[in-house]
Amino acid sequence: MKPPRKHGGGHPPRLFTGREFGRLTVLGEAAKPLNCSRTGKWWTCRCSCAEGTVRPIYGDALASGGTKSCGCIRREKASGLGRRWLGRTRDGRRGAALAGGAEVPATLF
């Protein structure tokens, strides 16, 4: 027979404080945002980007790898700084590899 669990059953609680997930460092537990319907733990995280953003992040998103930054990675990818563009054009053709600063084909717009 297994010994009873002290945390009330289910999965053991995740202890994220001090851990890093991508660019996020978990500072501690956070209160659930008022406008959110998700149930579960929320964590206060600081991003290691230049802005040093601190915000609450849903625990399951951290654990699954779905959230890795404050949004700075997405902004960097969108700006194309030093990255190649390999997206598709509006007409569905594969775009050429463009270095940062190169012209974007007119078919994108």
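Some points to look at:
- Residue count for the range 16-47 satisfying the condition of being part of a loop (DSSP other than H, G, I, E, B) and in contact with a Ser or Thr (Cβ under 7 Å, 6 or more places away or on another chain): 2.
- Test: residue in the range 56-67 that is in a loop (DSSP other than H, G, I, E, B), at pLDDT below 70 and in contact with an Asp or Glu (Cβ under 9 Å, 6 or more places away or on another chain): no
The values are calculated or read from the model by the stated rules, or taken from the named source; none is laboratory data. Small disclaimer: the values here were computed from a predicted structure and weren't measured. Cβ coordinates were reconstructed from backbone atoms using ideal geometry, including for glycine residues, and neighbour counts include every protein chain displayed.
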